[in-house]
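In what follows, a structure is listed as structure tokens, so that the remarks can point back to it.
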């Protein structure tokens, strides 16, 4: 039997092309399934945890490096610049992954009616209910924008209802923290509020840059560290001798600039390290006020 080589060549090419198409189809299906598995496995773990977790507590490798950098920046800004009693931190007062502040205590993966689907190129949508016994009003829908890294698929953004984006919200919160730190009125307001309440003096310490220069009412000055007991004595003296000298300068004069110093009452506020800090406490500025209690000399 003779083999027609002229016919074998096209047949071989056809089989090769068919095989390649099959391989590409398998690869595409595998990648799509990996996307679904990434989010499904995450929620299986998340809904099995007794306590909610913030994005910063998610193990490395779930988010892209760019999104992780935004989350890390948010943590650092809260740690270094958020000194008031306000809650700080993306997702600190809610569960970002459930898009809810509260959820049913008995919520788990099965009861949540979790569903996952692809809704676009590299975008998957997770739907679930955070209070299964209370109807569809507690349905949630979160879309995950995915990017393929060398190690696999990673989350590059989370899209919530009302066109909200995790990336955008992180940027907005980080900008808001920096803006508040640059606002002398906000900083001074918190400091003097704490000084007016004797049981909150330790909170005023959050706004002090150490070592801080402290001058007693006799003109003796010393640089003090955070744990120096004389510092709390000075703050206690300020608290007892309440004055009306905590008046802010005009806004034009209170603009933040590196190294700028503004005196308000007995305190010097200096803008440094991206925020206003108390850098000097001078009790001599209270000379016009009858002392309510004496302060031991600083030396």
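With the structure loaded, tell me whether residue 162 is at positive phi and in a helix (DSSP H, G or I) or whether it fails that test. So residue 162 fits the description; yes. Taken over segment 220-232, the residue count meeting the criterion of being under 15 Å from residue 267 (Cα atoms) and touching a strand residue (DSSP E or B) at 6+ places or on another chain (Cβ under 9 Å) is 5. Starting from residues that are at pLDDT 95 or above and out of contact with any strand residue (DSSP E or B) (no Cβ under 7 Å at 6 or more places or on another chain), keep the ones in segment 36-54 and report whichever is surrounded by the most Cβ atoms within 10 Å (Cβ to Cβ). Among them, the one singled out is 47. Filtered by the rule that a residue be without any contact (Cβ under 8 Å) to a residue 24 or more places away in the chain, under 20 Å from residue 36 (Cβ atoms) and assigned to a loop (DSSP other than H, G, I, E, B), segment 112-147 gives 113, 121. Restricting attention to segment 216-262, the residues that are touching a helix residue (DSSP H, G or I) at 6+ places or on another chain (Cβ under 8 Å), part of a strand (DSSP E or B) and over 16 Å from residue 183 (Cβ atoms) total 2. Would you confirm, using the coordinates I've provided, whether residue 126 is modelled with pLDDT of 95 or more, out of contact with any helix residue (DSSP H, G or I) (no Cβ under 8 Å at 6 or more places or on another chain) and surrounded by 15 or more Cβ atoms within 10 Å (Cβ to Cβ)? The answer is no for residue 126. Restricted to segment 246-262, and to residues there that are more than 26 Å from the chain's Cα centre (by Cα) and modelled with pLDDT of 95 or more, the residue that is surrounded by the fewest Cβ atoms within 10 Å (Cβ to Cβ) is 259. Once segment 69-111 is narrowed to residues that are in contact (Cβ under 8 Å) with a residue 60 or more places away in the chain and part of a helix (DSSP H, G or I), the residue that is nearest to residue 129 (Cα to Cα) is 71. One residue stands out among those in segment 43-57 that are within 14 Å of residue 110 (Cα to Cα) and assigned to a helix (DSSP H, G or I): the one that is nearest to the chain's Cα centre (by Cα), which is 46.
Would you check which residues across segment 181-219 are surrounded by 21 or more Cβ atoms within 10 Å (Cβ to Cβ), in contact with a strand residue (DSSP E or B) (Cβ under 7 Å, 6 or more places away or on another chain) and more than 20 Å from residue 256 (Cβ to Cβ) and list them? Residue satisfying the conditions is 214 alone.
The values are calculated or read from the model by the stated rules, or taken from the named source; none is laboratory data. Source: prediction; values computed, not measured. As a convention, Cβ positions derive from the backbone with ideal geometry for all residues, glycine included, and neighbour counts pool all protein chains shown.
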